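Please read the structure below before turning to the comments.
The values are calculated or read from the model by the stated rules, or taken from the named source; none is laboratory data. These numbers come from a predicted model, not from an experiment. Because the Cβ atoms are built from the backbone with ideal geometry, glycine has one as well, and the counts that use them run over all protein chains shown. Only protein heavy atoms, including side chains, enter the accessible area calculation; ligands, DNA and RNA are left aside. Shrake-Rupley method; radii C 1.70, N 1.55, O 1.52, S 1.80 Å.
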Amino acid sequence: MSKTIAASMKQAILCRSFLIALLGMAAVILLSGVESLLAAFRSENLLSYGTHMELLLAALSSNGCMLALPVLCTLPYTTAYVDDSKSGYIKAYLPRSGLGQYIAGKTAACGFSGGLCVLLGAIIGYIVLTLLLLPKEAVGKPMEGIALRVAEKLMLIFTSGAFWSLVGFLLASITKSRYMAYAGPFVICYVLVILYERYFDKLYVLYPKEWLNPSPHWAFGAWGAVILLFMFAGIVCCIFALWVRRKLVEP
């Protein structure tokens, strides 16, 4: 099974779509904080130390990031099953790998690549912000706990990306449509935002922005959101496994 997963991981990460998603995430972070960046460069006084971290946190908590993430994370590998099915490759591959190994490899590669591309994009955005702002910051100590907040935010970005990519993977596999792989997670995210903000403002656990910026209501703080997203991702993987087994295994 390890060889099957490794091969799928390599296919998901070493592709042009992964690089596009990575760079797209970095661009979203920089564009989300462009006003603050311009204000920082116009300031004649030294900025407080840690300003670059604060800008990263603000960008990752923005509405732009929340809406862009479900699209970017789907680019690397959400169409893998559709491509295998339509090309006929799956018929030649399954006898060698086995159905269980195929399912494990595809879901693991999809979730990991979806989370990794947005995580690395966020890290690149952070590096750029550091290079731009650190020379303008006063020497000193950062705000207490800010490094932990950045680490938690990156963790939330990874788990959100993994979950949304698996959602796109499932939708594309069921509908046999590449367009559903890219558009489906965004549409679901947007619908959840509307439902929360207009009708169900108590149901914060289903609000995508809460998954990136957990409120004090969460048990275990950011870890509560991470655990929930892993549970949702596991459910999506189980649904895909049941559907594929029913679709491919002849009675």
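Taken as a whole, the condition of being at negative phi and either in contact (Cβ under 8 Å) with a residue 40 or more places away in the chain or touching a strand residue (DSSP E or B) at 6+ places or on another chain (Cβ under 7 Å) (or both) applies to VAL82. Has segment 141-148 got at least one residue that is among the charged types (D, E, K, R) and in a helix (DSSP H, G or I)? No, the conditions are met nowhere in segment 141-148.
Here is a yes/no grid of residues against (1) among the polar types (S, T, N, Q); (2) under 15 Å from the mean Cα position of the chain (by Cα); (3) open to solvent by 50 Å² or more (accessible area, probe 1.4 Å):
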| site | (1), (2), (3) |
| --- | --- |
| LEU57 | no, no, no |
| LYS86 | no, no, yes |
| LEU94 | no, no, no |
| TYR102 | no, no, no |
| LEU119 | no, yes, no |
| THR130 | yes, no, no |
| VAL167 | no, yes, no |
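So, in segment 196-239, of the ones that are modelled with pLDDT of 90 or more, over 19 Å from VAL118 (Cα atoms) and touching a Leu at 6+ places or on another chain (Cβ under 8 Å), which residue ends up surrounded by the most Cβ atoms within 10 Å (Cβ to Cβ)? Step by step, filter segment 196-239, then rank; the result is VAL236.
Residue count for segment 28-44 satisfying the condition of being without any contact (Cβ under 8 Å) to a residue 40 or more places away in the chain and aliphatic (A, V, I, L, M): 4. Among the residues here, ALA151 does not qualify as assigned to a helix (DSSP H, G or I), open to solvent by less than 30 Å² (accessible area, probe 1.4 Å), within 19 Å of MET66 (Cα to Cα) and not β-branched (Val, Ile, Thr).
Among the candidates SER17, SER62, SER48, the residue that is in contact (Cβ under 8 Å) with a residue 12 or more places away in the chain, under 20 Å from the mean Cα position of the chain (by Cα) and open to solvent by 40 Å² or more (accessible area, probe 1.4 Å) is uniquely SER17.
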